[in-house]
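Worksheet: one structure, shown below.
The values are calculated or read from the model by the stated rules, or taken from the named source; none is laboratory data. Everything numeric in this text was worked out from a predicted model, so none of it was measured. Neighbour counts run over all protein chains shown; Cβ positions are idealised from the backbone, glycine included.
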Amino acid sequence: MARRSTKTPPPDDAYEEKILDIDVVDEMQGSFLEYAYSVIYSRALPDARDGLKPVHRRIVYQMNEMGLRPERGYVKCARVVGEVMGKLHPHGDASIYDALVRLAQPFSMRVPLVDGHGNFGSLGNDDPPAAMRYTECRMAEATSLMTESIDEDTVDFAPNYDGQEKEPVALPAAFPNLLVNGSSGIAVGMATNMPPHNLREVIAAARHLIRYPNADLDALMKHVPGPDLPTGGRIVGLSGIRDAYENGRGTFKIRATVSVENVTARRKGLVVTELPFTVGPEKVIAKIKDLVGAKKLQGIADVKDLTDREHGLRLVIEIKNGFVPEAVLEQLYKLTPMEDSFGINNVALVDGQPLTLGLKELLEVYLDHRFTVVRRRSEFRRGKRRDRLHLVEGLLTALVDIDEVIRLIRSSENSAQAKERLMRRFSLSEIQTQYILDTPLRRLTKYDRIELEAEKDRLVAEIEELTRILESDAELRKLVSAELATVAKKFGTERRTVLLESSGAPAPTTPLQVEDAPCRVLLSSTGLLARTANGDPFTEDTDGRRAKHDVIVSVAPATARGELGMVTSAGRLLRLNVIDLPQLPETAARPSLSGGAPVSEFVSLDADETVVCLTTLDESSPGLALGTEQGVVKRVVPDYPSNKEELEVITLKEGDRIVGAVELRTGEEDLVFVTDDAQLLRYQASQVRPQGRPAGGMAGIKLSAGAKVISFTAVEPAADAVVVTVAGSRGTLDDSVQTTGKVTPFDQYPRKGRATGGVRCQRFLKGEDCLSFAWAGAAPARAAQKNGSPADLPEPDPRRDGSGLSLPRTIAAVATEL
């Protein structure tokens, strides 16, 4: 059975509606202004005094309260976030952690305020930070400057959101944090965007303003010429910076720091080591790939991100052969984030009001705050020292007649009576008397009295010093300036960002592709290839220096975007794009191919196959002349189909190979064979009938039993030429064996008929039975060892069949000096 309610029903007027008529415009206006002020003051804009937004200030303050000093261990970031959120910041943990992460990022802060351990993200946020449960943090060494002397009544405190805790309205800030680390934020109807600056420069400007309060902007900009971004880079154009320093608003451009390097043996590349502020490598790479895919950017072969912790940022952009790296860089600056704009908007809170400030105003607000902090700190310290001096003076008074003090205490009924009797007897204050009663007897020795007198003198001196600071504005300013100088000396670093003046006129554009200008292609004795910057001969080196890889065994004229042929010992002619070859500097004298690239980088060769010469593909020339190891000679009809990358220029017999090849210039040259049994045969090239490429050639020299050809060259008859021969012993032809060599004028050797045996070119000494090396060509000649290092040649010997002279170094290559 249901029970009946005994409650008395409420009266009818208990639910009477109370409706207020409010104009919706007034309500919306009031609510919006309240919300806007809350965002401006409590979230988005930094305070001009310490340069921190509320969330950053709360993080730094709470870490200081937690004792997370730089010399102590790391703690989980989640613990710091929890403390800040629970005590001071009534917002979500994500916003607090994001703010903490920024304080720890060296690429966001010029002087980081948090020492992070773990993944705190990457430049451009390409790699986001790890969750707060994984990362750890503690105060950075410079963070102590922000909270220094905060417990000495230097700043005001206000209740937190629930009134149970206290938080500072601004930190003491021993350095101008707002200018040094910058800030960015979006409020309601306004925003701030301030770049970081160099600590030394900002402090130098602040000290100058302390000394000269009426200093103008030009004087301050001598100390602070522009921003100094954590990521370095290059600022182009300083007019916008001056505008920002003058009225708080301005714009400047930041460019990446790029150098042109040889990234591979065949290609040059752009190596990016610094990117614009807040721009990450992934953003650049993605933009480049999009532009290349859309065919809006030319000349890019590949992009690699080689960034690591050891070497820092390293973005390698490989340039296609035939494109000028400097011209490609101009395109990258124009089309990618490698050049970015930064809009300065110096909006900060001054006495709770958002103001747009110039450089001088920012420094003045900070210095006023710092003067107040130091003044309040000095007052606090003077008060503490006065209180201590009062106690010390009372204790010294008691020590003068310690026996009487002890007698009064022992004869008293209780502590209250003892206190009253001591105060009356020695004219002490209540605080002094209580301190005497609390002091143990062991502190009343003669030695302790001496210590107390020394402490009294020290306290008196310190009080006088603090009073002098408080009573003199000049002394106060001098102290603040000295403290700033100490901070700059300890924490200052060199400038990272380069400032470049802009002329205002567009820079002359560089052609995108390499001009098809004449050049020469060089092959060294060690198998390196390179091209010159132009087709002119190299100049003589005035100091006669010899460089490694300086014997050029083959030279061919070409154009930068043309093709060339390489003749190999297997009888193949391989096409080569000249543009693929590395270019030597235009100022090179006595050419060194140490900057060249190995032949293997351009063509594939079989085992024991080598490149014997370079040749043009000009079909109007007299063609190639070839000489083989078995004494075959051939003049090749210049017929080089353009649709073939590889051609056969001779059909070789089994076991035979090409030992020499040369492109004839006139067809009137003398062909020269040299065999390992010291026979030299010279005859005119006109005695050899040109043949098609598949032909096998004809008899060139008559060989004795067991002999073979070791050298084949062509020499202009009218040229001043020489013959170089080096003798040795079969089976011991290596660099460790002492050899003999001879240089003979070429005109000492008479012409003979084709396919004859020739004449002797060197007489063997005891222990010698063959020639290990031979060469004939125009003088002067240069020699090199097997590794390319220079080797000296003996003086010319007019005896064609004379014996050689001892060589200090084994000769492996000789060529006409360019």
* Asked: Any idea which of (1) part of a loop (DSSP other than H, G, I, E, B); (2) in the same structural domain as Ser472 (by TED's automatic domain parsing) is the one Asn321 doesn't satisfy?
  -> (2)
* Asked: Within the bounds of the range 132-153, is there any residue that is outside any helix (DSSP H, G or I), under 27 Å from the mean Cα position of the chain (by Cα), free of Cβ contacts under 8 Å to residues at least 24 places away in the same chain and under 30 Å from Ala286 (Cβ atoms)?
  -> no
* Asked: Which pairs have Cβ atoms under 6 Å, sit 6 or more apart or on different chains, and link a residue in the range 650-670 that is within 16 Å of Val709 (Cα to Cα) to one that is surrounded by 22 or more Cβ atoms within 10 Å (Cβ to Cβ) and β-branched (Val, Ile, Thr)?
  -> Asp656/Thr628; Ile658/Val612; Ile658/Thr628; Val659/Val709; Gly660/Thr713; Ala661/Val567; Ala661/Val612
* Structure fact -> Checked Val709, Val722, Val688 against criteria (in contact with a Gly (Cβ under 6 Å, 6 or more places away or on another chain) and aliphatic (A, V, I, L, M)); the one match is Val709
* Structure fact -> Checked Ile658, Ile650 against criteria (hydrophobic (A, V, I, L, M, F, W, C) and either more than 57 Å from the chain's Cα centre (by Cα) or more than 23 Å from Phe773 (Cα to Cα) (or both)); the one match is Ile650
* Where residues in the range 653-667 are farther than 16 Å from Val611 by Cβ and out of contact with any Asp or Glu (no Cβ under 9 Å at 6 or more places or on another chain), which of them is surrounded by the fewest Cβ atoms within 10 Å (Cβ to Cβ)? -> Glu654
* Residue that is nearest to Gln762 (Cα to Cα) [pool: residues in the range 692-703 that are surrounded by fewer than 22 Cβ atoms within 10 Å (Cβ to Cβ) and out of contact with any Gly (no Cβ under 7 Å at 6 or more places or on another chain)] -> Met698
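For Val722, state whether it is farther than 23 Å from Glu669 by Cα, in contact with a Phe, Trp or Tyr (Cβ under 8 Å, 6 or more places away or on another chain), modelled with pLDDT of 90 or more and surrounded by 20 or more Cβ atoms within 10 Å (Cβ to Cβ). Before you say what the answer is, go through the steps one by one.
Numbers: farther than 23 Å from Glu669 by Cα: no; in contact with a Phe, Trp or Tyr (Cβ under 8 Å, 6 or more places away or on another chain): yes; modelled with pLDDT of 90 or more: yes; surrounded by 20 or more Cβ atoms within 10 Å (Cβ to Cβ): yes.
So Val722 does not fit the description; no.
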* **Answer from Ser704, Ser642 - the residue that is assigned by TED's automatic domain parsing to the domain that holds Gly777 and out of contact with any Phe, Trp or Tyr (no Cβ under 9 Å at 6 or more places or on another chain)** => Ser704
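Quick grid of which residues meet (1) touching a residue at least 12 places away in the same chain (Cβ under 8 Å); (2) surrounded by 16 or more Cβ atoms within 10 Å (Cβ to Cβ):
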position: Leu428; (1), (2): yes, yes
position: Asp457; (1), (2): no, no
position: Ala461; (1), (2): no, no
position: Thr467; (1), (2): yes, no
position: Ser481; (1), (2): yes, yes
position: Lys490; (1), (2): no, no
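Would you be able to tell me the number of residues in the range 633-652 that are aliphatic (A, V, I, L, M), buried (at least 23 other Cβ atoms within 10 Å of the Cβ) and not in a loop (DSSP other than H, G, I, E, B)?
First, pick out the residues of the range 633-652 that are aliphatic (A, V, I, L, M): 633, 636-637, 647, 649-650, 652.
Among the residues that remain, those that are also buried (at least 23 other Cβ atoms within 10 Å of the Cβ) are: 633, 636, 649-650.
After this cut, where a residue has to be not in a loop (DSSP other than H, G, I, E, B) as well, the list is 633, 636.
So the count comes out to 2.
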* To do: Go through Gly753, Gly802, Gly758 for me and flag whichever is touching a residue at least 12 places away in the same chain (Cβ under 8 Å), exposed (fewer than 14 other Cβ atoms within 10 Å of the Cβ) and over 55 Å from the mean Cα position of the chain (by Cα).
  => Gly753
* Structure fact -> If we ask which residues in the range 227-266 are farther than 16 Å from Glu501 by Cα and surrounded by fewer than 20 Cβ atoms within 10 Å (Cβ to Cβ), their number turns out to be 11
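Considering only residues that are free of Cβ contacts under 8 Å to residues at least 24 places away in the same chain and in a loop (DSSP other than H, G, I, E, B), which ones fall in the range 46-95? Show your work before the answer.
Residues of the range 46-95 free of Cβ contacts under 8 Å to residues at least 24 places away in the same chain: 65-67, 71, 79, 82-83, 85-86, 92, 94.
Met66, Gly67, Glu71, Gly92 - these are the residues of the range 46-95 that are free of Cβ contacts under 8 Å to residues at least 24 places away in the same chain and in a loop (DSSP other than H, G, I, E, B).
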* Asked: For the range 185-214, what are the residues that are touching a helix residue (DSSP H, G or I) at 6+ places or on another chain (Cβ under 8 Å) and in a helix (DSSP H, G or I)?
  -> Leu199, Arg200, Val202, Ile203, Ala204, Ala205, Ala206, Arg207, His208, Leu209, Ile210, Arg211
* Structure fact -> Over the range 286-311, the set of residues loosely packed, with under 11 Cβ neighbours inside 10 Å and either over 16 Å from Glu330 (Cβ atoms) or of a type in the set (Val, Ile, Thr) (or both) is Gly293, Ala294, Lys295, Asp308, Arg309, Glu310, His311
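Here is a yes/no grid of residues against (1) surrounded by 14 or more Cβ atoms within 10 Å (Cβ to Cβ); (2) within 30 Å of Ala485 (Cα to Cα); (3) at pLDDT 95 or above:
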site: Pro128; (1), (2), (3): no, no, no
site: Glu165; (1), (2), (3): yes, no, no
site: Leu179; (1), (2), (3): yes, yes, yes
site: Val188; (1), (2), (3): yes, no, no
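Report yes if Val316 is assigned to a helix (DSSP H, G or I), at pLDDT 90 or above and not aromatic (Phe, Trp, Tyr), otherwise no. First the steps, then the outcome.
Details: assigned to a helix (DSSP H, G or I): no; at pLDDT 90 or above: yes; not aromatic (Phe, Trp, Tyr): yes.
It is false that Val316 is assigned to a helix (DSSP H, G or I), at pLDDT 90 or above and not aromatic (Phe, Trp, Tyr).
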* Hey, any hits in the range 632-639 for a residue that's of a type in the set (Lys, Arg) and modelled with pLDDT under 90? -> no
* To do: Determine, yes or no, whether Leu100 is in contact with a Cys (Cβ under 8 Å, 6 or more places away or on another chain) and either farther than 19 Å from Val60 by Cβ or outside any loop (DSSP other than H, G, I, E, B) (or both).
  => yes
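Filter the range 203-221 down to the residues that are of a type in the set (D, E, K, R) and under 15 Å from Gly358 (Cα atoms) and list them by number. Give the derivation first.
Start the filter on the range 203-221 by keeping residues that are of a type in the set (D, E, K, R), which leaves 207, 211, 216, 218.
Scanning the range 203-221 gives Asp216, Asp218.
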* Examine the range 281-294 for a residue that is out of contact with any His (no Cβ under 6 Å at 6 or more places or on another chain), under 23 Å from Asp228 (Cα atoms) and part of a strand (DSSP E or B), and state whether such a residue exists. => no
* Every pair of residues 6+ apart whose Cβ atoms lie under 6 Å, when the first sits in the range 112-125 and is over 17 Å from Pro276 (Cα atoms) while the second is polar (S, T, N, Q) and in a helix (DSSP H, G or I) -> Leu113/Thr143
